[in-house]
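Here is the structure we will look at, set down as structure tokens.
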Amino acid sequence: MRFGTMRACPPHGMSNSLATIAIYSLKGGVGKTTLAVNLAWCAATRSARRTLLWDLDPQAASTFLLTDRLPKAQAQGAFTKDVDPGKLIRKTAIERLDLIAADPSLRGLDLLFHELDKKKLLAKLLAQAGKNYDRVLLDCPPGLTETSDQIMRAADLIVVPVIPSPLSERALDAVAQRLGGRAALLPVHSMVDRRRTLHLNAVERHPDWPIIPMASIIESMTVRRAPVGSFSARSAASQSFSLLWQAVEKRLAEPGSKC
């Protein structure tokens, strides 16, 4: 199934404009942060893109995986003009990959967006914070909320992890309806266990969707606090993230896309 429309970008190595890729799901616990961190690593390392990962989830899982310093509770300040978002950018241990960290202050972000009533506020902040980058990835909180509406207006491509099950596919349909063609969707089968009939059947229904396996090496990210490619580059899991990133870049390069 094809979702949304895209707008083209010049080949790698030529002058780029910014592309924003949101990692988003209606449901939690589907591997969203795992995709965000590993795709950011692939963008910075495999494609040598100047990459910014903006953690918008108050659980701050991407922040935990990429930094050993606890951020100050000021993440929401970027949306109230109390803090310049550019001043929140910090380098990570990965070359060409920077981070805007999340913290618990983001718990009030939905209410703030509602009160401010600025439909494209996130898009404007992304243009400001991302001006020195080729790719910005957003690790998004789950749910259909004011924040998700801002994300759908701001993103060029929305990557949606889908655990292989009818309920997860139903959630994807809800996202597609809410999106209304404002950006392209790239569904990804996440946490796939090929020993399970339900998972195999789901993969067979959508053979064109990228696949991220259920793997202990991926689960070990939380212990190592690093993307899989940085400590197990030749593993099947690492290769699956690389293939997914290739699919992302391919979508961004399609005629009519913006990048």
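The values are calculated or read from the model by the stated rules, or taken from the named source; none is laboratory data. Fair warning: this is a prediction, and the values are worked out from it, not measured in the lab. Positions of Cβ are generated from backbone atoms using ideal geometry, with glycine treated the same way; all protein chains shown enter the neighbour counts. These accessible areas exclude ligands, DNA and RNA; they are computed on the full protein's heavy atoms, side chains included. Shrake-Rupley method; radii C 1.70, N 1.55, O 1.52, S 1.80 Å.
Between rounded, prolate and oblate, where does the stretch 37-166 land on the alpha carbon gyration tensor, with a ≥ b ≥ c its root eigenvalues, rounded for a/c under 1.5, else prolate if a/b exceeds b/c? Verdict is rounded for the stretch 37-166.
For the chain, what % of the accessible area comes from carbon and sulfur atoms, probe 1.4 Å? Walk me through the intermediate numbers first.
On the way: 6280 of 11920 Å².
Exposed carbon and sulfur together represent 53 percent of the surface.
With R₀ set to 45 Å, the beta-carbon distance separating Lys131 from Arg195 gives a calculated FRET efficiency near 0.45. Which of the following values of volume of the Cα convex hull per residue in Å³ was calculated from the structure shown: [x] 165; [y] 115; [z] 152? Of the listed options [x] 165; [y] 115; [z] 152, [y] comes from this structure.
Estimated at the nearest 10 Å², the accessible area of Thr197 is 90 Å² with a 1.4 Å probe.
Using C-alpha pairs under 8 Å with a sequence gap of at least 6, the mean separation divided by the residue count of the chain gives a relative contact order of 32 percent. The residues of the stretch 112-258 have, on average, 46 Å² of accessible surface per residue, using a 1.4 Å probe with all protein chains present.
What dipole magnitude, in Debye to the nearest 20, does the chain give about its Cα centre under +1 on Lys/Arg Cβ and -1 on Asp/Glu Cβ? Dipole magnitude for the chain comes out near 420 debye.
Shown is the FRET efficiency for Glu115 and Lys250, computed with R0 = 41 Å from the Cβ-Cβ distance and rounded to the nearest 0.05: 0.55. From the largest down, the stretch 157-259 spans 38, 34, 22 angstrom on the principal axes of its Cα atoms. Each helix, a run of at least 4 DSSP H residues, gives -39500 (n - 2.57); summed and divided by the residues of the chain, these come to -10000 deg cm²/dmol at 222 nm.
I need the shape label for the stretch 201-251. Rule: rounded when a/c is under 1.5, else prolate if a/b > b/c, else oblate, with a, b, c from the alpha carbon gyration tensor. It comes out oblate by the Cα gyration axes.
Look at the Cα gyration tensor of the stretch 24-95: its axes a ≥ b ≥ c give a/c of at least 1.5 with a/b at or below b/c, and that counts as oblate. Take every DSSP beta bridge whose two residues both sit in the chain; close to 10 percent of them are antiparallel.
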